[in-house]
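Notes follow once the structure below has been shown.
The values are calculated or read from the model by the stated rules, or taken from the named source; none is laboratory data. Here the structure is a predicted model, which is why all the values come from computation and not from measurement. We place every Cβ from the backbone using ideal geometry, glycine too, and count neighbours over all the protein chains shown.
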């Protein structure tokens, strides 16, 4: 009777997969005392950003005709930064900022990860988490509402008229897809604000 042995590739992948699962669990597992609604809100934040990121990448990077054939230009981007790459970087950074909301319910938002030099294992000051979160929630809420208002009036955030062919005015399926992808962004700021309030109350209660 022969015994099957895992291939070297499988043996190498197994520890890597295990580390990834551990890191994923550490990033998402809430600490004791987090209300259920706050866990749901924090986990929902990245999904409010994902649809618009997917729309931008599909439209500007892979040139999927979701924009109704509107002319794409690089605007004021430097010559060395292609629009296709800029959109991917913008979407990745947006998702990273959205992912940070999970820190308001997980351990890494209360105690610095051990791998960080000098700070590893030390408690995260409440203000160091709350102040950026409050500022971010305020900017996001005001910005997304202002963007929606300006777009509905046919103008850009700078007040300039929108160019012809923007899918929000085509009245067909392009409009439906655009609105469905960008409407969730309106929830990013309020959700972050709610989770921040729960974080501050929890940390203050433990310190009292």
Applying the selection to segment 38-59, what residues are free of Cβ contacts under 8 Å to residues at least 12 places away in the same chain and within 22 Å of residue 194 (Cβ to Cβ)? 40
Being assigned to a helix (DSSP H, G or I) and over 16 Å from the mean Cα position of the chain (by Cα) is the filter here; which residues of segment 120-133 pass it? 126, 127, 128, 129, 130, 131
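Mind telling me which of the residues 106, 127 ends up being more than 15 Å from residue 200 (Cβ to Cβ) and either touching a strand residue (DSSP E or B) at 6+ places or on another chain (Cβ under 9 Å) or at pLDDT 95 or above (or both)? So that I can check it myself, show each step before the final result.
Values: 127 fails: more than 15 Å from residue 200 (Cβ to Cβ).
106 is the lone residue from the list that is more than 15 Å from residue 200 (Cβ to Cβ) and either touching a strand residue (DSSP E or B) at 6+ places or on another chain (Cβ under 9 Å) or at pLDDT 95 or above (or both).
Inspect all residues belonging to segment 24-33 and state whether any of them is more than 19 Å from the chain's Cα centre (by Cα), modelled with pLDDT of 75 or more, surrounded by fewer than 11 Cβ atoms within 10 Å (Cβ to Cβ) and more than 26 Å from residue 183 (Cβ to Cβ). Spell out how you get there, then give the answer.
Our first condition is that a residue be more than 19 Å from the chain's Cα centre (by Cα); within segment 24-33, this holds for 31-33.
Those left that are additionally modelled with pLDDT of 75 or more: 31-33.
Checking which are surrounded by fewer than 11 Cβ atoms within 10 Å (Cβ to Cβ) leaves us with 32.
Okay, now just the ones that are also more than 26 Å from residue 183 (Cβ to Cβ), so 32.
Within segment 24-33, one or more residues are more than 19 Å from the chain's Cα centre (by Cα), modelled with pLDDT of 75 or more, surrounded by fewer than 11 Cβ atoms within 10 Å (Cβ to Cβ) and more than 26 Å from residue 183 (Cβ to Cβ).
Residues to consider are 65, 117, 78, 113; find the one that is out of contact with any strand residue (DSSP E or B) (no Cβ under 7 Å at 6 or more places or on another chain), closer than 25 Å to residue 172 by Cβ and not in a helix (DSSP H, G or I).
65
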Residues to consider are 189, 143; find the one that is surrounded by fewer than 16 Cβ atoms within 10 Å (Cβ to Cβ), at pLDDT 90 or above and in a helix (DSSP H, G or I). 143
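When you look at residue 73, is it at pLDDT below 95, more than 18 Å from residue 46 (Cβ to Cβ), exposed (fewer than 15 other Cβ atoms within 10 Å of the Cβ) and touching a helix residue (DSSP H, G or I) at 6+ places or on another chain (Cβ under 9 Å), yes or no? Can you show your working first?
Values: at pLDDT below 95: yes; more than 18 Å from residue 46 (Cβ to Cβ): yes; exposed (fewer than 15 other Cβ atoms within 10 Å of the Cβ): yes; touching a helix residue (DSSP H, G or I) at 6+ places or on another chain (Cβ under 9 Å): yes.
Here the answer is yes, as residue 73 does meet what is asked.
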